[in-house]
Number of protein chains: 2
Amino acid sequence: MINRVAVDAAYGRIRSRVRETPIMAFDEVVLKLELFQHAGSFKTRGSFNSALAQGVPEAGLIAASGGNHGIAVAHVARELGVAAEIFVPTSSAAAKVAKIRSLGAAVHVTGDFYADAQAACDARVAESGALAIHPYDAPLTVAGQGTLGIEIEQQVPEVGAVLLATGGGGLAAGVAAALPDVEIVCVEPAGANAFAAAVAAGKPAPIEVDSVAADSLGARQLGNIPWTQLGERATSVLVEDDAIIDARYDLWDRAQIVAEHGGATAWAAMRTGAWRPSADGTTVVVVCGGNTDPTDLAAIASADS
Amino acid sequence: MINRVAVDAAYGRIRSRVRETPIMAFDEVVLKLELFQHAGSFKTRGSFNSALAQGVPEAGLIAASGGNHGIAVAHVARELGVAAEIFVPTSSAAAKVAKIRSLGAAVHVTGDFYADAQAACDARVAESGALAIHPYDAPLTVAGQGTLGIEIEQQVPEVGAVLLATGGGGLAAGVAAALPDVEIVCVEPAGANAFAAAVAAGKPAPIEVDSVAADSLGARQLGNIPWTQLGERATSVLVEDDAIIDARYDLWDRAQIVAEHGGATAWAAMRTGAWRPSADGTTVVVVCGGNTDPTDLAAIASADS
């Protein structure tokens, strides 16, 4: 198990490298606006922790990613002055692949889903000598993502529950380790329900992925480390794609915030009533990513007029 | 002169109606992210203060606006359950006019610039019996905008200077009233320089308006009340349109924040070095509005790849 000690150590390592992202009251909850993190998502936390704890070889960094983890690793490599090689599937959003390239990393597009890109990455790791950073199933990654929980505790001391979009499970696992007394709510698209499937099977189990948020939440199976952290503890909530699209538009329409679909997924659980806050403590909803093409938001806005 | 007492009174009135907008460290300054305010800009503060202090007649609210003030008045009217009538010039951004309509207000598009819309609005006020809310040249408006200064003081106690985009001058005047010991920096487009022109003339003086930020900073003359608050005190800084466009893109590229051009204008003064922080205290840069069509940001992002 990863515990708070590991998360505190991670925070010591990465604190000067990451933004303390803001919070904002919104309806009856508090939004944690992690989409404003360097490189556009929480993934920067785990990537910096992995690189700084292990040291980076001359060959640089290497990773597979649906997109956000790749952007984060490319950002970390640029900040540390080393090379990065990123494997992405064809399902990655064009805006994400463009961002990885603009950060100077070498990009390989391969396979339909994240798991395919991870397999190609694994094959390349041995010959390249670069440091591989797994997006969710590695202790240093999970501990790094958990630093988000430390900030939540500092910013919202009365926190009672945290709602987190869940793909491979790294973020939720890290925040669970950081905040042992807080309810952890894993919100997933109905079409990308790796955590719900693990709960049903009693262990991580393969799923079919089909969701508008697949480019960030499209893991085909929950990570083993996340399962250890979350299995007996986290609440599972599913939301439909329509609700995710609506929640993303709602953040734009009422708060001028441009989240990606995965970033709006936790808010969808509140907005639909799929999850209801208990009386105990404040509910924090993490808006975890903003690497997106905002064009369709403008199109919806025009259609309203 | 409007003083801190008036601003404190305004804050007491509107506090439960406005968002305490977040701050975030960014390079060597702190951003005050007022673009996430209800209705997308600081204008909601002054509009609520004006309506709540005076009471709203049955005929509702009426205002002229380059756009943001109109959105704010429409929002306030909807929240208070009264009608709103808004006069906007043809130079208003389509996204803003659409937002006013979506809030249920009656919209009249008239004249090329804000001043033309204000004249049409003034003519209508007498016959309508509605409460007119001036966008910047009224004490209650200025005191309401000043509540932003109270939040800055609470969030950044060591603040030494505040950079604010300036059009008619209401926001800068209010923050100056709230924070008598802090340097107030009025940042204007070179092509919409009402404050600089007033400084040069020794009093508010008419200007020609030609700027990418004209839809929010396009006042043809500084307000008289703002001049009283700012004339002997505020620093004047001008930035070119290219720098504003670049600053807006920079906020999107590095922080996933979608500001409007006027909202990025204060950041442009930092980014170009047109204003440099002194050693005394923290510099706060206000990102004051986000009512914009984000499509062109996506286009720039794609062109980069």
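The values are calculated or read from the model by the stated rules, or taken from the named source; none is laboratory data. Keep in mind it's a predicted model, so treat the numbers as computed, not measured. So basically every Cβ, Gly included, is an ideal-geometry build from the backbone, and we count neighbours across all protein chains shown. Surface accessibility is based on the protein's heavy atoms, side chains included, excluding ligands, DNA and RNA. Shrake-Rupley method; radii C 1.70, N 1.55, O 1.52, S 1.80 Å.
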Span per principal axis, largest first, for the Cα atoms of chain A (Å): 52, 46, 39
Stokes-Einstein D for region B:33-85 at 4 °C, 1.567 mPa s, Kirkwood Rh over Cα pairs, in µm²/s? 119 µm²/s
D (µm²/s, integer) via Stokes-Einstein for region B:44-132, Kirkwood Rh across alpha-carbon pairs, 10 °C, 1.306 mPa s: value 128 µm²/s
Just to confirm the numbers: B:ARG15, label point 7 angstrom along the Cα-Cβ line, distances to the other copies in nm, shortest first? 3.2
For region B:172-275, what is the relative contact order in percent, using Cα pairs closer than 8 Å and at least 6 residues apart in sequence? 29 percent
Could you work out the mean projected area of the convex hull around the alpha carbons of region B:92-135, in square nanometres to one decimal? 3.4 nm²
Mind jotting down the three principal axis lengths of region A:95-192 based on Cα atoms? Whole angstrom, largest first. 47, 31, 25
Per-peptide average of other Cβ atoms within 10 Å, ordering B:173-183, A:197-207, B:129-139 highest first: B:173-183, B:129-139, A:197-207
Given label points at 7 Å from Cα along Cα→Cβ, what nm distances, shortest first, separate A:ARG276 from the same residue in every other copy? 6.0
For region A:224-305, run through the GluC sites (Glu not before Pro) and keep only the ones in DSSP coil with at most 15 other Cβ atoms within 10 Å of their Cβ. A:GLU232
Just counting partner chain Cβ atoms within 10 Å, what average do the residues of peptide B:291-298 show around their Cβ? 6
Counting other chain Cβ atoms within 10 Å of each Cβ in A:37-43 and taking the mean gives 2
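Can you list the trypsin sites (Lys or Arg not before Pro) in region B:206-305 that are in a DSSP coil and have 15 or fewer other beta carbons within 10 angstrom?
In loop regions of region B:206-305 (DSSP not H, G, I, E or B), the sparsely surrounded trypsin sites (Lys or Arg not before Pro) are B:ARG233.
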Find the centroid of the Cα atoms in region A:160-212 and in region B:133-161, then give the distance between the two in whole Å. 42 Å
Nearest 100 Å² is fine: how much accessible area is buried between B and A, summed over both sides, with a 1.4 Å probe? 2200 Å²
Output the relative contact order of region B:228-282, whole-number percent, from Cα pairs under 8 angstrom with separation of 6+ residues. 36 percent
Starting at 0 and stepping by 10 Å, how many percent of the alpha carbon pairs of region A:197-246 end up in each bin? 23, 50, 25, 1
Label-to-label distance, nm, for residues given as B:GLU240 and B:ALA190 (7 Å Cα→Cβ offset): 0.5 nm
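Compute for the protein assembly as shown: radius of gyration divided by Kirkwood radius, i.e. Rg/Rh, restricted to C-alpha atoms, rounded to two decimals. Please list the in-between numbers first.
Numbers: Rg = 24.6 Å, Rh = 24.7 Å.
With Rh from the inverse mean 1/r over Cα pairs, Rg/Rh is 1.00.
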If the cut-off is 29 Å between C-alpha atoms, which lysines fall inside it for B:LYS43, apart from same-chain ones fewer than 8 positions away? A:LYS32, B:LYS32, B:LYS96, B:LYS99, B:LYS203
What gaps in nm, shortest first, separate A:PRO157 from its twins in the other copies when you place the label 7 Å past Cα toward the beta carbon? 1.4
Rel. contact order, % - alpha carbon contacts under 8 angstrom, at least six apart, chain B: 20 percent
State to the nearest 20 debye the size of the charge dipole of the protein assembly as shown about its Cα centre, where the only charges are +1 on K and R beta carbons and -1 on D and E beta carbons. 680 debye
Can you compute the radius of gyration and Dmax for region B:145-242, using only the Cα atoms, both in Å? 12.8, 38
Leaving ligands, DNA and RNA out of it, work out the accessible area of B:ASP296 with a 1.4 Å probe and give it in Å² to the nearest 10. 60 Å²
Just want the answer: with Cβ charges of +1 for Lys and Arg and -1 for Asp and Glu, which residue in A:SER92, A:GLN54, A:ALA64 is farthest toward the dipole's positive end in region A:44-132? A:SER92
